[in-house]
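The values are calculated or read from the model by the stated rules, or taken from the named source; none is laboratory data. These numbers come from a predicted model, not from an experiment. All Cβ positions, glycine included, derive from the backbone under ideal geometry; neighbour counts span all protein chains shown.
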Amino acid sequence: MAKKKSITRISDKKRGRPKVRFSLWGLIFIFLLSFLGCFIIYMLAANMNQNFWEEEFDKIVVEENSDKNSDYDITVENSEEQNDNTQNRHANPIQQSQTKDKSYLDTCCLVTDSLLLGIDKCTDFKDVIGNEVLNAANCNTVTIDTSYGNKTAYEILQAKKPEKIYIMLGSDIGTSKIDDMVSNYTEFVRNVRGYLQSSDIYILQLPPVLESNEKINNSLINEYNTKLLTIANMTGVYCLDTNTALKSVDGSISQEYIDTETNALTNKAFKKITDYILCHTV
C-alpha cells in the first residue's frame, strides 16, 4: 500500500512578512548624515550673519573674564580681611607710646589687691576696685564693699562700665598654687572681656621683689608674669610690662620702690606705675 505524502503549505500572509535586521553601518551612516546636516545649517547661518564669529568669540571672552574677575574679587576680599585682622592685632607687652595727659586716668578703672591699694592717694588714678582680701585665686568670688553694694569685682565693673580697665592681681603668689591663680585670673578676664567688649583691658605684670625676700623670689615672679602675658594674648587684651618699669640692673626691685620692712610698694612706685601706664597705651 503506498504511503500518503503530507504537504504543508505556507500561507501567503506569512510568506510576505519582511525580515528586520540591525545594521551597524546603517546607524553610522545616519549619524554622519545628521552631523553633515547640522554643519551645513551652522555654516549657512555664519554666512548670512556678518557678525556671527565676533558675537560667538566675544561671548567666550566675556565669560572667561567674568570668571577671572570673580577670582580677583575673592582675592581682594580675603586681602582686606587679612588687613583688618592685622590692624586688630597688637604686640604684647605694649611698647612705649606718646604720653597721655593725666585726664586719661579719668576714663580708667583699676582692679587690684593689696599690691596697688593706696595708689589713688598719691596719683591721679582715682577709680580703684579692691581690698586686702582680694587676690588672683579668689578674684571671681571675693566681694568688695562699694557704693554699688557688696559685690564681686566683675559685678562692680558691670555696673561702672569703664572705658579703660587695668588689672593687677597676684598678692597671693607664694601661698596659692600658680595654676589656681592663672585659672581664676583667666576666667575673670574672659568674663570682663565678654561683657565689656568695647572697653580696653590691660593686664599689669607683677613688680619684682628684693633678693632678700624669703617668701618669694623673682624666678617665681617671672614665671607668673609669663603666664599673665599668655592670658592677655589668649583673651585678646593688652599687657603692660610693669615689672621692668620697677626693676634695677640686678633684676630685683629698685630700693626706692619698696619698703624693706613691709615689702609693700612705696608712693614712688605708685607714681612710676602710673607714669608707665600713661606712656604705654594703644
**OP:** Please state which of the following conditions Y185 fails to meet, knowing it meets all the rest: (1) free of Cβ contacts under 8 Å to residues at least 40 places away in the same chain; (2) more than 17 Å from the chain's Cα centre (by Cα).
**Re:** (1)
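Could you tell me whether the stretch 127-137 includes any residue that is within 28 Å of the chain's Cα centre (by Cα), farther than 14 Å from F270 by Cβ, part of a loop (DSSP other than H, G, I, E, B) and not aromatic (F, W, Y)? Walk me through how you get there before you give the answer.
Taking the stretch 127-137 and keeping what is within 28 Å of the chain's Cα centre (by Cα), we get 136-137.
Imposing the further condition that a residue be farther than 14 Å from F270 by Cβ reduces the set to 136-137.
So of that shortlist, the ones also part of a loop (DSSP other than H, G, I, E, B) come out as 136-137.
From what's left, not aromatic (F, W, Y): 136-137.
Yes: one or more hits.
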Subject >> Condition met for Y166 (hydroxyl-bearing (S, T, Y) and touching a residue at least 60 places away in the same chain (Cβ under 8 Å)) >> reply: yes
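For the condition closer than 15 Å to L196 by Cβ and either in contact (Cβ under 8 Å) with a residue 40 or more places away in the chain or not hydrophobic (A, V, I, L, M, F, W, C) (or both), what is the one hit in C122, C108? Write out each step before concluding.
Values: C122 fails: closer than 15 Å to L196 by Cβ.
None of the other options fit; the residue is C108.
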Original post:
For the stretch 75-103, how many residues are under 24 Å from L228 (Cα atoms) and either at pLDDT below 95 or surrounded by 15 or more Cβ atoms within 10 Å (Cβ to Cβ) (or both)?
Top reply: 10
Subject >> Counted residues, the stretch 121-175 - those being surrounded by fewer than 19 Cβ atoms within 10 Å (Cβ to Cβ), β-branched (V, I, T) and closer than 23 Å to N217 by Cβ >> reply: 1
